[in-house]
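The values are calculated or read from the model by the stated rules, or taken from the named source; none is laboratory data. Predicted model, so just to flag it, every value in this text is computed and none were measured. All Cβ positions, glycine included, derive from the backbone under ideal geometry; neighbour counts span all protein chains shown.
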Amino acid sequence: MIPALSRFVEALRREGIDASPAETVDATRAVEHVGPENRERFRDALRLSLVKRREGLAAFARVFDAFFAPPARGRRDRKGERSTTGAGMRSTGRALEATVRPGSAPGARARRAAARPVLPASIRSDIERSPRVPTRRIGRLREAALAPDGAPSEVSRSGAAAERPEYRDLTRPLPSSEERALAATIPGLVDKLRLRVSRRARRARRGRIWARRAFRDNLSRGGVPFVLPRRAAKLRRSRVVLLVDVSFSTARATGFFLWMASAFLALGRRTRVIAFVDRPVDITSEVDAWIRGRREPGVTRSAVSTRVPGAGIRPAGIGFDALLLSIPHLNLSAPSDYGRTFHALLRSRMRPAGRDTVLVVLGDGRTNRFEPLAWSLDEITRRCRCVVWLVPEPRGRWGTGDSALPEYLPFVDTVVEARDLSGLARGLDTLLRRA
């Protein structure tokens with residue numbers, strides 16, 4: 001239902017009704033309570049949430065009737081009953097299966113389709129096209145690390161599958177007690193990652209087969225390769241730059257990811273942490289002190305009233321919210337602005353550059369209708385060896401509303417769905433393989 005509502009809001013904006021992201025969220029919650037079974041209640045819920053002026057009522061009615069058209073009447077059978085097949089199943093909105101009576105076959109198909117969200121068409125076309133396009137400016141996206149088949153779907157997460165902490169959705173409101181329960185699973189996830197990394201290191205220690213040396217060493221045996229020499233892999237230490245969004249919607253995922261990444265990356269000269277809401281701020285030393293519990297950060301006066309999640313994320317007794325509130329140059333009350341962040345990072349001394357640099361971006365890509373300035377990200381990634389983007393949202397919401405991900409992903413090598421702890425661990429594993 002969320003992708004259909006996003007397309008409906010875009011249609012309203014084309015007609016002059018400027019619906020904000022907050023109003024779109026209110027409409028989604030209203031539809032969840034009302035349900036699509038009653039068409040009149042469904043229309044009233046959308047109208048009260050999205051239309052704030054009397055001048056927009058006529059445009060709303062016109063768009064609603066065109067987008068959520070009722071099913072056409074089917075043909076009568078021999079008994080005089082109306083058929084539910086044929087024209088009655090066609091609609092103009094691609095999400096109108098939900099307007100059919102509950103329990104019917106189209107409604108069941110719609111629920112099954114909602115349980116398996118797919119990538120938006122623009123992002124899916126970039127993934128399919130990028131491996132065949134040699135030009136980097138057109139696209140460098142090569143891999144999309146999505147949730148595995150065994151992971152619960154968006155519908156089943158609210159049931160019994162939500163009891164598994166590693167699949168708990170981090171985008172939903174969580175109290176501090178649930179954050180502490182999720183934090184208790186971090187050591188287990190880190191141990192699994194360590195085991196996976198050590199196995200890869202054991203396999204890589206032997207190195208790859210050295211074909212040229214094999215033919216040269218086996219000339220005395222008639223060219224038969226009895227001995228297979230191997231070329232040992234060279235140890236390389238990559239520079240890692242973590243560019244993390246600490247706004248209200250993604251701060252919880254950022255806190256968990258920094259905690260997990262600190263077990264593998266030494267924060268300092270080779271690894272930097274840059275936080276942003278509307279501008280980049282280097283917080284490497286603050287995060288290192290937070291992980292090690294060296295000092296209790298003080299709360300700035302200007303940020304006392306700011307709501308920040310992460311009170312239950314305490315690797316050494318200090319909450320992640322206290323860490324964010326202690327950074328003076330970080331305006332947590334500002335709206336997220338990715339375009340301004342990328343442009344400021346491009347013009348500053350913090351710009352990541354180098355053949356051995358791996359850039360990791362953690363954020364949902366929602367720009368609050370500001371200019372995305374995707375060319376700034378393009379200029380930044382041109383001097384990086386690899387770019388990994390972790391999206392703390394389900395893939396069904398990518399590219400919807402004010403999300404500018406379709407404009408950013410062509411300049412990214414790997415995109416990871418990191419809506420829960422298992423997704424963050426999958427993104428960290430991707431980073432360790434790239435680094």
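In segment 237-290, counting only strands (runs of 3 or more DSSP E) that sit wholly within it, none holds 1 or more residues that are within 15 Å of Pro392 (Cβ to Cβ) and not assigned by TED's automatic domain parsing to the domain that holds Arg168. Cβ-Cβ distances below 8 Å connect the following pairs, each with a first residue in segment 153-181 that is farther than 13 Å from Ser422 by Cα, a second residue that is among the basic types (Lys, Arg) and modelled with pLDDT under 85, and a separation of six or more residues or different chains: Ser153/Arg116; Val155/Arg111. Summed over segment 268-295, the residues that are closer than 27 Å to Arg366 by Cβ and not small (Gly, Ala, Ser) give a count of 16.
Scan segment 313-336 residue by residue and report those that are among the polar types (S, T, N, Q) and crowded, with 20+ Cβ neighbours inside 10 Å. Passing the criteria: Ser326, Ser336.
Checking each residue in segment 346-362 for being on the phi < 0 side of the Ramachandran plot and of a type in the set (Gly, Ala, Ser) picks out Ser348, Ala353. Taken together, Arg203, Arg252, Arg212, Arg221 contain a single residue that is within 35 Å of the chain's Cα centre (by Cα), loosely packed, with under 15 Cβ neighbours inside 10 Å and either over 20 Å from Val388 (Cβ atoms) or modelled with pLDDT of 90 or more (or both), which is Arg203. For a quick check of your reading of the model, give me the residue pairs whose first member lies in segment 191-210 and is on the phi < 0 side of the Ramachandran plot, whose second is modelled with pLDDT under 75, with beta-carbon atoms closer than 7 Å and at least 6 apart or on different chains. Once the first residue is on the phi < 0 side of the Ramachandran plot and sits in segment 191-210, its partners that are modelled with pLDDT under 75 give Ala204/Ala233; Arg208/Arg231; Trp210/Arg231.
For segment 291-302, the set of residues classified as under 28 Å from Leu359 (Cβ atoms) and either at pLDDT 85 or above or assigned to a helix (DSSP H, G or I) (or both) consists of Ile291, Arg292, listed by residue number. Total residues in segment 16-31 satisfying the condition of being under 12 Å from Ala59 (Cα atoms) and surrounded by fewer than 15 Cβ atoms within 10 Å (Cβ to Cβ): the figure is 2. Exactly one residue out of Asp288, Asp321, Asp282 is touching a Pro at 6+ places or on another chain (Cβ under 9 Å), at pLDDT 90 or above and charged (D, E, K, R), and it is Asp321.
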